[in-house]
1. Please verify whether E77 is within 16 Å of A152 (Cβ to Cβ) and modelled with pLDDT under 70, treating the condition exactly as stated.
2. Could you list, in sequence order, the residues of region 80-104 that are at pLDDT below 70 and in a strand (DSSP E or B)?
3. Taking region 126-146 as the region of interest, how many residues are more than 12 Å from S97 (Cα to Cα) and either loosely packed, with under 15 Cβ neighbours inside 10 Å or among the basic types (K, R) (or both)?
4. On the given criteria, is V138 farther than 27 Å from D66 by Cβ, assigned to a strand (DSSP E or B) and in contact with a strand residue (DSSP E or B) (Cβ under 6 Å, 6 or more places away or on another chain)?
5. Condition first: of a type outside the set (A, V, I, L, M, F, W, C) and under 21 Å from E113 (Cβ atoms). Now tell me which residues in region 137-170 satisfy that.
6. Assigned to a loop (DSSP other than H, G, I, E, B), acidic (D, E) and either out of contact with any helix residue (DSSP H, G or I) (no Cβ under 9 Å at 6 or more places or on another chain) or at pLDDT below 80 (or both) - does that describe any residue in region 105-127?
7. So, V170, is that one in contact with a Ser or Thr (Cβ under 9 Å, 6 or more places away or on another chain), modelled with pLDDT under 85 and of a type in the set (V, I, T) or not?
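The values are calculated or read from the model by the stated rules, or taken from the named source; none is laboratory data. Predicted model, so just to flag it, every value in this text is computed and none were measured. In this analysis, Cβ positions are derived from the backbone assuming ideal geometry, glycine residues included, and neighbour counts consider all displayed protein chains.
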Amino acid sequence: MSQKILTLAALCCAALLLGGCDFFRTLAGRPTSADIEAARLRIEREEAAHRARLDSLRRVQKAMADSLELLDAIKAEKSNLLSAGSMGGVSASALESRYYIVVGAFSLRENAEKQGKKAADKGYRVNLVPFRNGFTAVCLEGSRNLADAYDALRRIKEEPFCPPDAWVLVNE
């Protein structure tokens, strides 16, 4: 009898040494340490993805707030922000950038060329943009974002060739 008890005790010790708590957890239908570790890793990945989504949302909110501030600053300078459609429209292929500073829109192309030459002589990138309504706009310093366009507008407004009613064209 004591031989059986010793054998049973030895088997229990061996089971503990070989399987540890996972052996008893498996018998009880509970998750093993491998299951717990996999769940912990899954939760960490989900939390990281959630943090990334929140960070992305914060960046979008900041960009929107910055854009609103820029729009307010443009309005405060008594400059307009107009879409291409408000000038009769222009084909999207005619403009590469989203924003341009317009320093004049002329019914005679020659006048637009003269104004464009004044800006080019000062080192600005010039695009003469024909609108469907017959006007040709003198567009300077194309940019992809509104912040760059606003900076360009402030610089260009200090130039002697720039009229007081220069405005920002939005290519939409």
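1. Working: within 16 Å of A152 (Cβ to Cβ): yes; modelled with pLDDT under 70: yes.
In short, yes.
2. Of the residues in region 80-104, the ones at pLDDT below 70 are 80-94.
Once the filter is applied, which keeps residues that are at pLDDT below 70 and in a strand (DSSP E or B), region 80-104 yields L81, L82, S83.
3. The qualifying residues number 3.
4. On the way: farther than 27 Å from D66 by Cβ: yes; assigned to a strand (DSSP E or B): yes; in contact with a strand residue (DSSP E or B) (Cβ under 6 Å, 6 or more places away or on another chain): yes.
Here the answer is yes, as V138 does meet what is asked.
5. Of region 137-170, the ones of a type outside the set (A, V, I, L, M, F, W, C) are 141-145, 148, 150-151, 154-155, 157-160, 163-165.
Of everything in region 137-170, those that are of a type outside the set (A, V, I, L, M, F, W, C) and under 21 Å from E113 (Cβ atoms) turn out to be E141, G142, E159, P160, P163, D165.
6. Our first condition is that a residue be assigned to a loop (DSSP other than H, G, I, E, B); within region 105-127, this holds for 107-108, 122-125.
The next check asks that each one be acidic (D, E); those that pass are none.
No - not one qualifying residue is present in region 105-127.
7. Values: in contact with a Ser or Thr (Cβ under 9 Å, 6 or more places away or on another chain): yes; modelled with pLDDT under 85: yes; of a type in the set (V, I, T): yes.
The answer is yes for V170.
Here is a yes/no grid of residues against (1) touching a residue at least 60 places away in the same chain (Cβ under 8 Å); (2) exposed (fewer than 10 other Cβ atoms within 10 Å of the Cβ); (3) touching a helix residue (DSSP H, G or I) at 6+ places or on another chain (Cβ under 8 Å); (4) among the hydroxyl-bearing types (S, T, Y):
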{"site": "A28", "(1), (2), (3), (4)": "no, yes, no, no"}
{"site": "T32", "(1), (2), (3), (4)": "no, no, yes, yes"}
{"site": "I36", "(1), (2), (3), (4)": "no, no, no, no"}
{"site": "E44", "(1), (2), (3), (4)": "no, no, no, no"}
{"site": "E47", "(1), (2), (3), (4)": "no, no, no, no"}
{"site": "A52", "(1), (2), (3), (4)": "no, no, no, no"}
{"site": "L57", "(1), (2), (3), (4)": "no, no, no, no"}
{"site": "A63", "(1), (2), (3), (4)": "no, no, no, no"}
{"site": "S67", "(1), (2), (3), (4)": "yes, no, yes, yes"}
